[in-house]
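Notes to accompany the following structure.
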Amino acid sequence: MKIGITCYPTVGGSGVLASALGDELARRGHEVHFISYERPFRLPANAPRIHFHPVVINDYDLFKYPDYTLPLSVKMSEVSRDHQLDVLHVHYAVPHATAAILARSMLPPEHQPRVVTTLHGTDTTLLGRDAGYGPAIHHALTCSDAVTAVSSFLRSETQRLLHFEGPIEVIHNFFDPRPPQRSREEVRQELGLNEREAMVLHASNLRPLKRIDLLLETAARIRPAGSFKLVILAGGSFEPFVDQVRRLGLESRVIVREKVSEIEDYLLAADLGLVTSETESFCLSILEAMCFACPSVARRVGGIPEVIEDGVSGLLVPSDDAEGLARAVESLIQDPSRRAALGRAAQHRARERFSAEAIVPRYEALYRSVMK
Ligand code: GMT
C-alpha cells in the first residue's frame, strides 16, 4: 500500500508513535510518505521506502498569525496525486484531519486517498472542549473514512465531549525499542549514580499537564532522601522548574537531560518510572519503560489503567497526593524483588499487547478495509 502520514515532528507521543508506525509499515514493504513542516525527530534517516515531503510555510506580513493548515493541505493533495496514495493517515486531529479532508476534496475522485484519523489525547480532551475547535474537529472526524483512538478512555471522552457518534476503533500504542548504545553501568556512571541509589525516571515534554510541580514535590518527600536520584528526560526547557528544585533542596537529587534521542540507554539504566500527569490518554513513556522491565508509579488517570494493571505491572495512586506517590515510590525502592516482579510482568504485558507485532497489523487491516 502507499500511505501518507502526517504528524507533529517535534518531541511528543503522537509524533513518536506516527514515526514508529511509518518505520514499521516500510519494513513490511509498504511505501510511506511523511508530510510535515519538519522531518519527525525519531524517523530513521535513509530507510528504504520512507519519503519525507516538507511543508513550506511563507511568513506573510498581512497575516497576524501564520497559517499552516492550507499549505499542509495543498502538500497533502500534491503528494496524494503524484504518488497515488491509498491512504492519508493523520495523527492528532488539529489541524491535520481538517487539512486531510480539504486535500481530499481538492482532488478528482480517481486521486482521492482514504483518510484515517488517529486521536491521541489533547486533540479531544483539551481542544475538543474548546468552542473554537470542537465543531471543526467533529466535522473532520465525520468526514474521515476511519477514526481510531489510542485508548478506550479516549474513545469515551471523544464521544462525550465532541458528541461524535461515528465508529471509533481503539488501537493502543506500541513500542519496539532499538538496541541501547551503552551499558547500564556506563549510563549510571554518566549520571553519577552510586550502587545504593535507585534511578527514578521521568520522561515528558514538561507541559503543564505533566505536573512537574507534583513530580518535584513527590521527589522531595521520598525517604530516605539519599536512596534515589530522579532523572528527568525533558522534551522542553527545564528552566521554569529550577527555582522549585532549589526551594525543595533537591539540587543533588534531580538530574535533567534535555532533548535526548537515545532514550533506550536511559530506559535500560532506570529502576522505576514516575508519572504525575493530570491526565494521559495512554502515556507512551510508561510503555517505553515497561519494555525494559522497568515498572512505573503513576496516577490513576485517563487511559493509564489500560497500560498498567495496578499491583501487577506497576503501581497506581488514586489522587494527586504527593505523599501517596512518594510512599508508592519508596515501597519499590525498598523492595527490589517486588520491583523486579512488577518489571517482569510489565515487560511481558508490553510484548503481548503493545508490541509492533501486535498492533501494526491492526492498522494494516484498517487501511485495507477503508480501501475496499
Ligand atoms: O500530549 C499531547 O499534547 C498530545 C500527544 C503528544 O503529541 O504528545 O500525547 C498524547 O499522545 C500520546 C501518544 O498516543 C499518548 O501516549 C499521551 O498519553 C497523549 N497525551 C495526553 O493524553 C495528555
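The values are calculated or read from the model by the stated rules, or taken from the named source; none is laboratory data. Keep in mind the model is a prediction, meaning the values are calculated, not measured. Counting neighbours? That spans all protein chains shown, and the Cβs are built from the backbone with ideal geometry, glycine included. Areas reflect the complete protein model, heavy atoms only, side chains present, ligands, DNA and RNA absent. Shrake-Rupley method; radii C 1.70, N 1.55, O 1.52, S 1.80 Å.
Charged neighbours of Met1, selected by a Cβ distance under 9 Å, balance to -1 (K, R count +1; D, E count -1). Residues whose amide H comes within less than 5 Å of that of Glu258, counting only those at least five positions distant or on another chain, are Ala234 (H built at 1.01 Å from N in the peptide plane).
Report, to one decimal in Å, the Kirkwood hydrodynamic radius for the chain based on all distinct Cα pairs. It works out to 21.4 Å. About its Cα centre, the chain has a charge dipole of approximately 420 debye under the convention of +1 per Lys or Arg Cβ and -1 per Asp or Glu Cβ, with nothing else charged. Between helix 152-162 and the chain there is an angle of about 60 degrees, using the helix long axis and the longest principal axis of the Cα atoms.
Ordering Tyr363, Ile255, Ala136 by the projection of their Cα atoms onto the charge dipole of the chain, which places +1 on the Cβ of Lys and Arg and -1 on the Cβ of Asp and Glu, puts Tyr363 at the extreme positive end. Computed over protein heavy atoms with a 1.4 Å probe, the carbon and sulfur contribution to the accessible area of region 102-168 reaches 54%.
Neighbours of Pro54 by Cβ distance under 14 Å: Lys/Arg scored +1, Asp/Glu scored -1, total 0.
Taking the Cα centre of region 322-372 as origin and assigning +1 to Lys and Arg Cβ atoms and -1 to Asp and Glu Cβ atoms, the resulting dipole is close to 260 debye. Taking amide hydrogens as placed 1.01 Å from N in the peptide plane, the amide H of Ser36 sits under 5 Å from those of His53, Val55, each at least 5 positions away in sequence or on another chain. Estimated translational diffusion coefficient (Stokes-Einstein, Kirkwood radius over Cα pairs, 37 °C, 0.692 mPa s) of region 113-259: 178 µm² per second. Result for the chain in a Gaussian network model with C-alpha springs under 10 Å: among Gly192, Gly128, Gly343, the largest mean-square fluctuation is at Gly192.
Putting +1 on Lys and Arg Cβ atoms and -1 on Asp and Glu Cβ atoms, find which of Ser331, Gln244, Thr276 reaches farthest to the positive end of the dipole of region 184-353. Checked the options; the winner is Ser331. Once you sort the root eigenvalues of the Cα gyration tensor of region 173-228 as a ≥ b ≥ c, which label holds: rounded (a/c under 1.5), prolate (a/b larger than b/c) or oblate (the other case)? Judged from the Cα gyration tensor, region 173-228 comes out oblate (a/c at least 1.5, b/c at or above a/b).
Per the Debye calculation on region 184-353 with a single equal scatterer at every Cα and no solvent contribution, log₁₀ I(q)/I(0) for q = 0.14, 0.15 Å⁻¹ amounts to -0.64, -0.75. Per-residue accessible area (protein heavy atoms, 1.4 Å probe) orders Asp23, Asp61 as Asp61, Asp23, starting from the largest. Remark: spin-label model distance Arg160-Ile255 equals 4.0 nm, labels positioned 7 Å along the Cα→Cβ axis. Of Glu38, Glu24, Glu110, the residue with the greatest mean-square motion in the GNM of the chain, using alpha carbon springs below 10 Å, is Glu110.
Charging the Cβ of each Asp and Glu at -1 and of each Lys and Arg at +1, and nothing else, the dipole of region 228-331 about its Cα centre rounds to 280 debye. Of the peptides 137-146, 204-213, 271-280, 289-298, the order by per-residue mean of other Cβ atoms within 10 Å, starting with the highest, comes out as 289-298, 271-280, 137-146, 204-213. Residues whose amide H comes within less than 5 Å of that of Arg114, counting only those at least five positions distant or on another chain, are Val87, Leu88 (H built at 1.01 Å from N in the peptide plane). Residues considered: Ile359, Ile333, Ile57. Largest GNM mean-square fluctuation over the chain, using C-alpha springs under 10 Å, is found at Ile57. In the chain, the DSSP-assigned H stretches of four residues or longer account for a calculated mean residue ellipticity at 222 nm of -12500 deg cm²/dmol, using -39500 (n - 2.57) per stretch and the full residue count as denominator. Between region 41-78 and region 296-372, what is the separation of their alpha carbon centroids in Å? Cα centroid to Cα centroid, the span is 34 Å.
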